[in-house]
Ligand code: K7E
Ligand code: CUA
C-alpha cells in the first residue's frame, strides 16, 4: 500500500525501477522479521514421533514454543507434576509418549477462530485440545474401538465435532482371535467427538465400518456441510505384507459420512450401546486450581450403516488414496493417490445426484458404492508421482504435495490442469497454507514438510532434523524462500494470523483465582505438614528465594510433596524447582500457579534444591536444603527462610 502511494509522487523513471524492485524483493527480505518485530502468522506443526506440537512464527520460521501434548516434557514438568499426570492416563495406564499427526484449529463458519487447536494421537488412539490463551493442553480423550487413530483430528465447520478414523482395523470389541481371521473379525470405526465446549469432549457416536485402513479425513463445508470424507486403503483386507497385498485393487474408497443423518439415527434410537472403557482427562478449571482429572467412560453409541440408511456411501477412488481435501467452496473433493498417476477430483453435487439416482455399482455391508464416473469431476492429467495432500489458496488454486517426485504442483482445479510446479528437498509429505483447508484461506505462504533433509543443513550425524520449506505463493509462480528446521516429524500443520490469537493470550495466572488445595498465597502461609509418612510442603517462590528454604525432619521412607506456588504476578517470570535425586523432572511454575513434585528420598543426607530458571541477578542464590534423616529417627519437622526455624504442629 505504502509503496503504491509513494509511486504517485516520484518520477516516471523511478516508478519503473521501484516497481521492478518491489516484484524482485529477495527471498531474504520476504522472510526477514527485524529484531523486536513480530511475525504475521502463528504456525502449528505436529511433532510426529515427538508427540508434541511446535509453534513457529511465519514468515521468519523462528521456533517460538513447543507445546507438550502426548509426550512427557521434562522441560516444564508436563506429565511429571501431580497436576498434569492425569492428562496422560488411558485404559492402558499412564502413557508417557504419543505420535501426533494432524493439528486442526477450531473453526466458526468454516474459518479458523483461534480459540483452540486439536491434535490426534496415532498409537494409543486419542485426541487433545490445546487452549490458545495459554498454549497448553487442557483436555485429552481416548478413543475406544480404534487402532491407529490417523484420520483425525479434523473439525466440522463450527467445531461441532472433531472426527477420528481407525487406520488399523482391529477386532471390535477387542478379543483374542487368529490374525488370519481378519476378514471376518476385524472392523474399523469412524468417530464423532463433541468438541465445542472445553472440558466436555464426548464421543457422540461411532460408525462401524468394514475392516479397511482409514487414512485421512476432511469435513465438508458450504454445500457439503453435514458431511465428512475419509480415505481408505487396504480394501483388499490384507493382514500381512500390505505393501504388496494392499495394492492389488485399482481403486479403494473414500467413505462419505452424512453426520446430520447420523444425528437423526441417534435421535431415533437406531444405535447400539457398546460396553468398553476409555479415559477422558481434562483440567476443569484452567485458571483456578489448574489440576487435571481423569474420568473413566464405560460405553459408546455405535451406528451400524445398514441400520441407518443414508449415513454412509463409498466413493471409488484410485489407488490407495492418502489425503482427502475439500476446497473452500465445499464442492470439490481432491484425493491423493500414493500409487496413482492421476489426481482424482470428485464433485460433491454429482455425488448427491448419484445418491438420488441410486447410481450404485454394488454394496459392502449395506453401504452403497457409487459409480466412479458419476461422481468424478475430473482427473488432473500428468500431475506427478505419489500425490499425497492438497491445500488451497482461496484464489482457485490447489497445491498438492508429491512424495515420489519430490515436488509441489499448483493446480487450477476447476480447469483441471497443472499450472506450476516447484521441486521440494526432499520427499514431501503434508503441506500447509494458512487457512488452507478452511472456507477462507489466507494464502500467501506455502509450507511443504519434507521427510528427507540430506544436504539442507550442516550435518549432525546420522539423524537430521526434518526440513520444512517456505514458499511465497502470492505471485503466479511459487518461490522458495527459506528452509526451516523442524522438531520430530511434522505431518500436518495449521497457521492463523497472529492478530486472531495474540490479543487473547494470558500473561499470568491470577493468584487471587488460584484455589489449588495446596496453594500458598503468601510467605507467612508457607508450612510443612506431616501426615503419617506423607509430608506436604507448602512452598512459595518469588525473586529470589523459596519459602521455606531450609527443611528438616524428613525421613527415609517418606513421600514428600513439594507444592510450589509462584507468587509473582509479572509476565514471563516463571521459577523452576528441582531437587537432587528426584526421579522425575523439574517443575516450571508460572506466575500465580501451584505445581506439585513428588520426591521419595532413599538415603539420609542433606539435599539441595534450587530454581532452574534464571529469574533475576540473584537467581544463583535461589536455593535451599532438605535434611533427610534415617527411617525412625527422632528429628522433628522444622522449616524456615532467613529466620528462626518454625516447628510443625
Ligand atoms: Cu501424510 Cu500421518 Cu497425514 Cu504423515 S500423514 S505425511
Ligand atoms: Cu527463580 Cu531462578
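Read the figures in this text as sums done on the coordinates, not as results from a lab. All of these numbers come straight from a predicted model, not from anything done at the bench. Glycine also receives a Cβ, built like all others from the backbone with ideal geometry; neighbour counts cover every protein chain displayed.
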Kirkwood hydrodynamic radius of segment 511-647, Cα pairs, Å: 14.8 Å
For a label point 7 angstrom out from the Cα of residue 363 toward its Cβ, which stretches of segment 267-281 have the backbone nitrogen within less than 19 Å? 270-272
Would you work out if segment 392-471 is rounded, prolate or oblate? Take a ≥ b ≥ c from the square roots of the eigenvalues of the alpha-carbon gyration tensor; rounded if a/c is under 1.5, else prolate when a/b is larger than b/c, oblate otherwise. prolate
Compute the separation of the alpha-carbon centres of segment 325-347 and segment 215-280 and state it in Å as a whole number. 17 Å
Per its Cα gyration tensor (rounded if a/c is under 1.5, else prolate when a/b beats b/c, else oblate), segment 62-101 is best filed as oblate
Figure the gain on full extension for residue 571 and residue 272 (residue separation times 0.36 nm, minus the Cα-Cα span) and round it to one decimal in nm. 102.6 nm
Mind checking the full-extension length gain between residue 645 and residue 352? Use 0.36 nm per residue of separation minus the Cα-Cα distance, one decimal, nm. 97.7 nm
Extension reserve of the residue 174-residue 25 stretch, reckoned as 0.36 nm per residue once the Cα distance is removed: 47.8 nm
For the peptides 359-367, 559-567, what is the packing order when you average, over each peptide's residues, the other Cβ atoms within 10 Å and list the highest mean first? 559-567, 359-367
Quick one: check the C-alpha center-to-center distance for segment 587-643 versus segment 84-120, whole angstrom. 34 Å
Under the rule of -39500 (n - 2.57) per DSSP H run of 4 or more residues, summed and divided by the residues of the chain, what mean residue ellipticity at 222 nm is obtained, to the nearest 500 deg cm²/dmol? -2000 deg cm²/dmol
For segment 486-585, what is one quarter of the convex hull surface built on the Cα atoms, given in nm²? 10.3 nm²
Taking the 0 to 90 degree range and rounding to the nearest ten, how far is the long axis of helix 12-23 tilted relative to the main principal axis of the chain, both from C-alpha atoms? 70 degrees
Beyond 21 Å, how much of the Cα-Cα pair distribution for segment 227-303 remains, as a whole percent? 63 percent
The chain: relative contact order as a whole-number percent, Cα under 8 Å and 6+ apart: 10 percent
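Could you tell me what fraction of 2.2 N^0.38 Å the Cα radius of gyration of the chain comes to, as a two-decimal ratio?
Rounded to two decimals, the normalised Rg is 1.07.
Listed highest first by mean packing, meaning other Cβ atoms within 10 Å per residue, what order do 388-398, 371-381 come in?
Packing proxy ranking, top to bottom: 388-398, 371-381.
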